[in-house]
Each structure stands twice: as C-alpha cells, then as structure tokens.
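The values are calculated or read from the model by the stated rules, or taken from the named source; none is laboratory data. Computed from a predicted model, the values in this text were never measured in an experiment. In this analysis, Cβ positions are derived from the backbone assuming ideal geometry, glycine residues included, and neighbour counts consider all displayed protein chains.
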Amino acid sequence: MKINFQQTRYNPLEFEEKIYKFWSSYFKPKNKGKKFIILIAPPNITGSLHLGHALQNIVLDVIWRYKKMNGYDCVWIPGVDHAGIATQNVVEKELRKEGLSRISLGRKKFIQRIWQWRGKYGNIILDQFKKLGLSLDWSRVKFTLDKKYVDWVEKSFVSYYKKGYVYRDLRPVNFCPHCQTSLSDLELDYKEREASLYYIRYPLSGGGHVTITTTRPETMFGDVALAVNPKDEKNFNLIGKIGILPIVQRELPIVVDSRIDPKFGTGILKVTPAHSLIDYEISLRHQLPMISVIDENAKMNKNAGEFQGLDYLTAREKIVSKLKELDLIEKIEQIKHNLPVCDRCGSEIQVIPSKEWFLKMKDLANLAVKAVKDKEVEIYPVRFKKPYFDWLRDVRDWCISRKIWWGQQMPVWFCKNCGDEIFTVSLKKPIKKCTKCKKSNWQRTEEVFDTWFSSALWPFAILYTPYEKKFYPANLVATAREILQLWITRMIFSGKFFMRKEPFKFVFVNPTVLTKEGKRMSKSLGTGIDPLELIQKYGTDALRFGILWQMSAHQDLRFDFVPIEQGQKFLNKIWNAYRFYFLNIENFKKNLNKNKVSSSDKKILKHIESTKKFVSKKIENFELGLALKRVYNFFWHELCDVYLETWKGKTKNNPDVFEKVMVESLIILHPFLPYLTQFLYFSFGHKKPLFFEEWQ
Ligand SMILES: [Zn+2]
Ligand SMILES: [Zn+2]
C-alpha cells in the first residue's frame, strides 16, 4: 500500500477493502496457546445487515482483537442459518411472480429451487459482515444444512427420543394458515385491533341461562364445558349445573378453574380445548374431550354442521346472526385486543389441533436453570437473568416439528399401508416389519425440525473435524434480548444434555439500537438505517467509532449520526498526528538522538500505561463506550494537545520514545479503529497484522 502523507485527510475507502483482504488469512487460530472462543449468532440466509448485527459483531470484534493482542489464540467461526419459514416464504414469493407455486412444483423441485436461491443470495449477509471488519475465520464457514450439521440434528432427535424426551401428540398449536405450519409462542407478533366481544346466552338445563363472553363465537361448536373461577362469588351458584350449547344442544358441564379471569366479561367462559391453548390445559385438568371445528386453511370443518366449508370470519357473521334470530345475543361490545399474527407473514394465527412432535421441557429447563444458578454460565447485564429464569419456570413442552419443506427432515418413518399411527424413529430407513400389516413399507415423514431446534445445537454442531472439536465450549456469545429465550436457553440445555458441559461461559445481552426518538428501527416502518450506506459514506472505522461511542452503561442505544461524524474527525486527527511524525522523525533522529528521556516523554509513557489498564478493565466488563472514550481522550488531549506540542520548536524529547509512543498508541486504538491503525502500522515498515502485536 502506497503511503502518501502529503494529503491532509484520511480517505478510508481507498484502503479498507485491501486491508481486509490482507487480514483474511490471519484470522485462523494458530493451534497453540490458550484459546479464546467466540460464538457468532448465525444470521439468516435471507437476512441483510442491520445496525443490530453491526453493534453486536463490532463489540465481539473489539474483544477478539483485544484478546488476540493479549496472547490468546482466538477462534471465531462464521456461519448462516437456513431459516426454514423465512426462506421458504421468500422463494414462494418468487415463484408466485412466475405463476408457479410450491405445491405445483412438488417437494423435490421446490427444494432444488431453494438451493439455487441459496447459491445466488444466501451468502450476501456474510459478505456484508466482512464490511464491518470482523475477524472471522473464513476458512470455516458453516451452514445449518451442511451434511455434518444435519447429522447432528438427526442424531440428537433420535437420542432424545430413545431417552423418552420426545413424544408425538394431537394438540392445539399456533398455526399459520398462510405458511401452513405450526409456530411456537415466540414466533408470534401481537397487533392491537378493534374486536367485538359477544355476550351469548347459553341456556341451563332445568331452566334459566348463563351469559358467556367470547371474541370468537365461531369456535362454539368446539365447546366442551363452561368454566368459572372458584373465587368468583357471583357465579358460585353455577357450579355443578349443566349448560346447553345453543344450536346443537350439547350438554356442557360447568367446571371451576383458577385460570379463569373473573373480571373478563361475565366471568363465565366457554372451554374450547381444540382452539385455545389455555382451554386445552383446563381440559386436561378436567378430562374433557377435544372437538375441532376449524381446519388448517382456517375454514370450518364437519363438526361445524351447517357452517362447514365457510371461512372462519364468514362463519362468525352467520353464526352471530343465527344467534340473534334465536334471541341469544345479549349484547356486543367493542374492545381493543391483541391479536396474534405470524411474525413472518402477518396472517392471523389459528389455534388448531395438529399432530406434532414435542420435546419434554421440565428436566431440560432445569439443566438450563442450574447452569446459570451455579455460575457455569454468566449473563451480562445481570438484569437479564430474571427473564431467563421466568421463561424457564413457565415453559411448555416445545413443539419441534414444522410442516414446511425447507429444513432438516425428521428421521421419522411411517408405514405406507397403515397410515401415520404406526411410525419408527431411526436414522436409516427401517428394515423391520410393521407391527400391524407385517410388511416393510416405510416412508419418511415430510415434516422438518423447528429452525430453533437446529440452532440450539450450534455451539457443537458446527465443529466438524477432530481439530475443530477442541473449540467447545466457547468463552463468549452475544445476543439480542429477544432471542435470549429462543436461542440462548436452548443452547445451554442442549450443551449440557449432549456435551455434558455448558456451551459458553459468558452471555452478553447487547443493547438494542433504537431510533434517535427511542422507537424501534424497522425497514417496513421506514425507520431503519442501512449500515452499508453509512460505511460507504464514512468508512467502517468511523461507523465502529460512532456505534461504540454511543454504548453506555448497558442502556439501549438511541442512534445518532453525530458520533459517526465525530469519529471521522478523530480519524483525521490521528492521520495528521502520524503525518507530523513521519514527516519529521528522520530529522529528529538525525539531530536529537543523544537526548535523554525528558519529563514529557515520561509523562506520556505513564499515560499510555494507565490508559491500557483502564481500557482493559472496561473491555473485560463489556463497557466499550467508556473504553473508547478513554482512548479518545488519551489520544486527542494527552498525546496531540500536550505531547506532540512539545515536539514543536525546541525540544528535549527523545525520538526513540516518540517512535515507541506512536506504535503503542496504534495498539491501543486498534480494537476500535482497526483499518486506519493497520494502515499506519504498515507505514512503520511492518508487514504483519497489527493484532499480532502485544498489548502489554
Ligand atoms: Zn405465516
Ligand atoms: Zn403397516
């Protein structure tokens, strides 16, 4: 790289790409010394870089470079997640433009089509990660659908199954009629909507009636009971009586359950286990049956009698008008309520019974609780321990199957002759005979695993070779708070279960990047900011500076451009300080090499020592904003304002100390501003990466 110190402004775009290429081959671990292993949060192959990714990975990169200079053999493996539902949706959208559909193509061709898509677009996000200057080991890029990764996913399922942790059950699940798959609670968004709350009279056997309240009258044909809270005095006299379901005249026992909110409506609720998760739990406690009335396409099924075949909203209207005719509607109230929608496509979620695979969570959740309680895993900031424990305490069994096509297909085999009641769980197609038809005619299920089931195995499933297997457990993982439960908890119990050891020592829950006004950043709301545009305009170092500068005391970060501009000014300040050094050092060395170490020299050396100490402490505590501010003050004020000034005019300073000070300063600045410091380091005649220098 040609150095031209005649120019008085540093232009990052000239150098950053070349420097990154130069570094790339040095990001590999050296296989000697103490390891420091960082785990990446693999981005979705459909993803594109946002400021959240940028913040999280810049933090990790600062730590990587700092640890590297402190003598650690650093390991940071990049990779991407296949993102089942998200990717399938993107490719289906593409197909629709061509007048095709997933169904018209068939499974095999559709999967081929996604692989094509993946070849074209699936690594874009990783290329964007490179632009942040991340010190990732590019010789080991992992993908959750690599053969070896898939092997781990299948093996772990079979192992859970053999140990009795997995079962198959017909249960109500959250189901997206558009994506045609079940979803976990954590994959739902909630939209506040106006809704009607219907007060419906249900006659009582023996005369009189009760009034129940519901927002979903179309599910009434699935009612199997009525329920009141045991502490609800106004409804106490109903216990033991029998209600009659209007239109179909089915008898409904009236049960008591403490989950009923006595303040909601009349305090009397209909129990519809097939279409409500809470009602399902009530039904288990009271041994009630499950009658489904809505199917996977959100249409009414045969149990809805005359309303069969209707879309659920149309059915709602028709049922309400029929109830009005029968004079069974007492009143209708307008309320606001939170409607669950699919976080991928925005469709309204239906709760419907579906045969799914579940992972028993009780023991596994305990493993995750224990690991944090015993401090095998530490969570920073500590306030995030509470939501971690809360979630694990109330966790339901985890539905790990998805009825989509893109993902790791489950190693489950059904008998073609006997239907889905007879199945075998095994890695290979079974040879044994079906217990019912005595034939061996097995067919693999079309179901795939929940994407989070596979990413729960990430810390060890990415380690393919005997050498890589040494990279377990990791030292550090960073996470956005919204995936603390989805991902971190599940990695911890999976690690404890399969590897008998926690998957990482520290979890850093990184701040969320908000808009300047404190709102959520979102592309669709037009409040997103593209980090790539910022890099194009200011360069990566300035972006890193701007983001890190705004990180303080683990608060959420309200994103502002001013610190990036301040970063740009700082880079110019650094540039000009080194310009002064390089334009004068030869002369100084010629004329002043007999000078002893001056008091200014001693002072600046002391400042270097104390800055290093302070910065080390702050980096170890994830307080990178404070670390950067100290580095900034050191360089701008102690070095430029004071020490450099003593070189102008008559000086008693020592030029060898000057050289040492300027190299040491590069070391201190490097974790934050890697590009400019590397560039200046070359100017000293060095040929190696600056992160090979020693911090101490
Ligand atoms: Zn959906
Ligand atoms: Zn059979």
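Worth a mention:
- Within region 161-170, tally of residues that are within 23 Å of residue 280 (Cβ to Cβ) and among the aromatic types (Phe, Trp, Tyr): 2
- If you go through region 115-149 and pick out every residue that is farther than 25 Å from residue 25 by Cα, out of contact with any helix residue (DSSP H, G or I) (no Cβ under 8 Å at 6 or more places or on another chain) and not polar (S, T, N, Q), you end up with 3.
- So residue 696, is it modelled with pLDDT under 95, over 22 Å from residue 56 (Cβ atoms) and among the polar types (S, T, N, Q): yes
- Number of residues in region 132-147 that are farther than 18 Å from residue 75 by Cβ and more than 21 Å from the chain's Cα centre (by Cα): the value is 1.
- Which listed residue, of 402, 393, is in the same structural domain as residue 103 (by TED's automatic domain parsing) and more than 16 Å from ligand 1 (Cβ to nearest atom): 393
- When every residue of region 683-691 is checked against the conditions, none turns out to be touching a strand residue (DSSP E or B) at 6+ places or on another chain (Cβ under 7 Å), of a type outside the set (Asp, Glu) and crowded, with 17+ Cβ neighbours inside 10 Å.
- Any hit, region 372-390, residues being buried (at least 21 other Cβ atoms within 10 Å of the Cβ) and either free of Cβ contacts under 8 Å to residues at least 60 places away in the same chain or of a type outside the set (A, V, I, L, M) (or both): yes
- Identity of the residue in region 335-345, within 16 Å of ligand 1 (Cβ to nearest atom) and over 19 Å from the mean Cα position of the chain (by Cα), that ends up nearest to residue 188 (Cα to Cα): 340
- Filter result (hydrophobic (A, V, I, L, M, F, W, C) and either under 15 Å from residue 56 (Cα atoms) or loosely packed, with under 15 Cβ neighbours inside 10 Å (or both)) within region 533-556: 543, 545, 547, 548, 549, 551, 553
- Residue ID - surrounded by the most Cβ atoms within 10 Å (Cβ to Cβ), chosen from residues in region 440-459 that are assigned to a loop (DSSP other than H, G, I, E, B) and polar (S, T, N, Q): 445
- One residue stands out in region 316-334 among those that are within 40 Å of the chain's Cα centre (by Cα) and within 17 Å of residue 218 (Cβ to Cβ): the one that is surrounded by the fewest Cβ atoms within 10 Å (Cβ to Cβ), namely 317.
- Check on residue 594, without any contact (Cβ under 8 Å) to a residue 60 or more places away in the chain and more than 28 Å from residue 683 (Cα to Cα): no
- Filtered residues of region 498-544 (kept if of a type in the set (S, T, N, Q) and within 14 Å of residue 51 (Cα to Cα)): 510, 512, 515, 522, 527, 540
- Count of residues meeting criterion [of a type in the set (Val, Ile, Thr) and without any contact (Cβ under 8 Å) to a residue 40 or more places away in the chain] in region 264-307: 1
- Positions within region 513-530 being farther than 10 Å from residue 559 by Cα, surrounded by 12 or more Cβ atoms within 10 Å (Cβ to Cβ) and touching a strand residue (DSSP E or B) at 6+ places or on another chain (Cβ under 9 Å), in sequence order: 527
Every residue, every condition in (1) more than 14 Å from residue 351 (Cβ to Cβ); (2) touching a Ser or Thr at 6+ places or on another chain (Cβ under 7 Å); (3) not assigned by TED's automatic domain parsing to the domain that holds residue 197, yes or no:
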| position | (1), (2), (3) |
| --- | --- |
| 216 | no, no, no |
| 229 | yes, yes, no |
| 232 | yes, no, no |
| 242 | yes, yes, no |
| 257 | yes, no, no |
| 264 | yes, yes, no |
| 278 | no, no, no |
| 283 | no, no, no |
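- Residues of region 32-88 satisfying the condition of being assigned to a helix (DSSP H, G or I) and either without any contact (Cβ under 8 Å) to a residue 12 or more places away in the chain or in contact with a Cys (Cβ under 6 Å, 6 or more places away or on another chain) (or both): 64, 67, 68, 85
- Subset of region 416-439 [more than 9 Å from ligand 2 (Cβ to nearest atom) and part of a loop (DSSP other than H, G, I, E, B)]: 426, 427, 428, 429, 430, 431, 432
- Taken over region 231-256, the criterion of being surrounded by fewer than 18 Cβ atoms within 10 Å (Cβ to Cβ) and either in contact with a His (Cβ under 7 Å, 6 or more places away or on another chain) or small (Gly, Ala, Ser) (or both) is satisfied by 240 alone.
- Condition met for residue 412 (out of contact with any His (no Cβ under 7 Å at 6 or more places or on another chain), within 16 Å of ligand 2 (Cβ to nearest atom) and modelled with pLDDT of 95 or more): yes
- Strands (runs of 3 or more DSSP E) lying entirely in region 118-230 (those with 3 or more residues that are touching a His at 6+ places or on another chain (Cβ under 9 Å), away from ligand 2 (no atom under 16 Å from the Cβ) and of a type in the set (D, E, K, R)): 188-203
- Counted residues, region 153-197 - those being more than 29 Å from residue 103 (Cα to Cα) and under 26 Å from the mean Cα position of the chain (by Cα): 10
- Residue 611 more than 17 Å from residue 576 (Cα to Cα), surrounded by 21 or more Cβ atoms within 10 Å (Cβ to Cβ) and in the same structural domain as residue 681 (by TED's automatic domain parsing): yes
- In this entry, residue 170 passes the filter for residues that are modelled with pLDDT under 95, away from ligand 1 (no atom under 16 Å from the Cβ), outside the structural domain of residue 52 (by TED's automatic domain parsing) and in contact with a strand residue (DSSP E or B) (Cβ under 9 Å, 6 or more places away or on another chain).
- Selected residue (criterion: nearest to residue 159 (Cα to Cα)) from residues of region 405-415 that are part of a loop (DSSP other than H, G, I, E, B), away from ligand 1 (no atom under 16 Å from the Cβ) and not aliphatic (A, V, I, L, M): 411
- Looking only at residues in region 65-106 that are of a type in the set (Lys, Arg) and more than 16 Å from ligand 1 (Cβ to nearest atom), the one that is farthest from residue 486 (Cα to Cα) is 97.
- Qualifying residue in region 396-404 (condition: more than 22 Å from residue 152 (Cβ to Cβ), among the hydrophobic types (A, V, I, L, M, F, W, C) and either surrounded by 20 or more Cβ atoms within 10 Å (Cβ to Cβ) or more than 9 Å from ligand 2 (Cβ to nearest atom) (or both)): no
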